[in-house]
Amino acid sequence: MSLFTTEQLAQLEQQAIELPSWAFGNSGTRFKVFATPGTPRDPFEKIADAAKVHEYTALAPTVALHIPWDKVDSYDELRSHAEGLGVALGTINSNTFQDDDYKFGALTHEDAAVRRKAIDHHLECIDIMHATGSRDLKIWLAEGSNYPGQADLRGRQDRLHESLSEIYARLGDEQRLVLEYKFFEPAFYHTDVPDWGTSYAQVAALGDKAMVCLDTGHHAPGTNIEFIVMQLLRLGKLGSFDFNSRFYADDDLIVGAADPFQLFRIVFEVIRGGGLNNPDVAFMLDQCHNVEDKIPGQIRSVLNVQEMTARALLVDGEALRAAQRSGDVLEANRVFMDAFYTDVRPALAEWRESRGLPADPMAAFAASGHLAKIAEERVGGVQAGWGA
Ligand code: LRH
Ligand code: MN
Ligand code: MN
């Protein structure tokens, strides 16, 4: 236990990571979706699965919904279901990417009738947020063009501002809008919100309740993501993270799997910028589990974030600043790397046990037989997937 100070343990104890409901549905590539036995058949079962992750880790008290994937008749009922299982409903994600009308855009579309439909969808999401008790409306737009000359880039940016302004005006006092950027896909030539600068420019024009969402998988290879984290925190505009990891494009793999060091560097800047356990910065996962089991996939993910947070908290800030100030490059790097290379797993296991949690949540969940139980119970019906 001596590895961490009381203050560091208090930080770790407060950590909260929001799970995406869609991580529990079947997902895949455009080549094949492999179905997993026991996959949830509706939003109620997705929330039950998310609650299991929280039960084993105490790290995931909220679940994000995606509308219309998680559309239900009664959001009051969904909310009490979640609360009964010890979790709360979190961010509401809008979806304007699976409707024929949006082929050439939604909030940016040339046709006012299509824009109206897309804006109304967001207003409906805000109504849902009132019922679910959610604070954040997360907007990711699949809008853009494939060929130079296809679209009026400037006009689309202006229409985006107009549409977002109408959505923003409907937010309640305690609600926020977070605008997610992504550099390409599904559009391959231009994307209307491709980078943090565009997202920042759009949300800054709206007001204080609009922030940027940074999805770690949405950058060109080689991008220094922690620098963006630093800058957005510095500007007071980092509203949320979508954590995942990638080798090639928007792979949506388990956070910390592809590049644990990058996750460490990101969390270090979060801590440095006052973003850790700061209610203004939501830590969310945005992942898919195409070939691995979903509940343990999510348990592994939140543990990865916890482990890298623990390591980043171990950076000796005073020694680092002293080395930076004196221009001691190698010493500064040593201090930084010492923390990264510290194996925090035994200390975290011991600490978990001291709080009545399983020392090894992955092993405890596997031993519980829960996956076999849900595989048996959840036969029949249509399994929910990414998009259902
Ligand atoms: C887009 C994205 C966005 C969507 C989610 C399913 O690539 O990251 O956050 O809502 O995937
Ligand atoms: Mn995302
Ligand atoms: Mn994505």
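The values are calculated or read from the model by the stated rules, or taken from the named source; none is laboratory data. All values derive from a computational prediction rather than experimental measurement. Neighbour counts run over all protein chains shown; Cβ positions are idealised from the backbone, glycine included.
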*Odd one out for V335, checked against (1) surrounded by 13 or more Cβ atoms within 10 Å (Cβ to Cβ); (2) out of contact with any strand residue (DSSP E or B) (no Cβ under 7 Å at 6 or more places or on another chain); (3) farther than 18 Å from T309 by Cα*: (3)
*Could you list, in sequence order, the residues of region 197-219 that are among the hydrophobic types (A, V, I, L, M, F, W, C) and within 18 Å of L263 (Cα to Cα)?*
C213, L214
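On the basis of being in contact (Cβ under 8 Å) with a residue 12 or more places away in the chain, buried (at least 19 other Cβ atoms within 10 Å of the Cβ) and either of a type in the set (D, E) or farther than 20 Å from L164 by Cβ (or both), does V87 make the cut?
So V87 passes the test.
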*Which residues, taken from region 331-377, are closer than 17 Å to H54 by Cβ and among the basic types (K, R)?*
R352, R355
*List pairs: first in region 233-250 and more than 16 Å from I271 (Cβ to Cβ), second among the hydroxyl-bearing types (S, T, Y) and within 13 Å of ligand 2 (Cβ to nearest atom), Cβ under 8 Å, 6+ apart or cross-chain?*
S240/T91; D242/T216; N244/T216; S245/T216; R246/T216
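Could you list, in sequence order, all residues of region 146-178 that are part of a loop (DSSP other than H, G, I, E, B) and touching a strand residue (DSSP E or B) at 6+ places or on another chain (Cβ under 8 Å)?
First, the residues of region 146-178 that are part of a loop (DSSP other than H, G, I, E, B): 146-152, 170-175.
Hits for region 146-178 are A151, L171, Q175.
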*In region 90-106, which residue that is under 15 Å from I126 (Cβ atoms) and surrounded by fewer than 24 Cβ atoms within 10 Å (Cβ to Cβ) is nearest to the chain's Cα centre (by Cα)?*
N95
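Working only within region 188-205, note down all residues that are assigned to a helix (DSSP H, G or I) and not polar (S, T, N, Q). Break it down stepwise before answering.
To start, the set of residues in region 188-205 that are assigned to a helix (DSSP H, G or I) comprises 196-205.
Residues satisfying the conditions are W196, G197, Y200, A201, V203, A204, A205.
Is it the case, given these coordinates, that D120 is surrounded by fewer than 20 Cβ atoms within 10 Å (Cβ to Cβ), over 13 Å from T96 (Cβ atoms) and away from ligand 2 (no atom under 16 Å from the Cβ)?
Values: surrounded by fewer than 20 Cβ atoms within 10 Å (Cβ to Cβ): yes; over 13 Å from T96 (Cβ atoms): no; away from ligand 2 (no atom under 16 Å from the Cβ): yes.
Taking the combined requirement at face value, the residue does not satisfy it.
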*asked:* Of the conditions (1) in contact with a helix residue (DSSP H, G or I) (Cβ under 8 Å, 6 or more places away or on another chain); (2) modelled with pLDDT of 95 or more; (3) of a type outside the set (V, I, T), G84 satisfies every one except a single condition; which number is it?
replied: (1)
*Which residues, taken from region 175-225, are among the aromatic types (F, W, Y) and either more than 13 Å from L160 (Cβ to Cβ) or more than 16 Å from ligand 2 (Cβ to nearest atom) (or both)?*
F183, F184, F188, Y189, W196, Y200
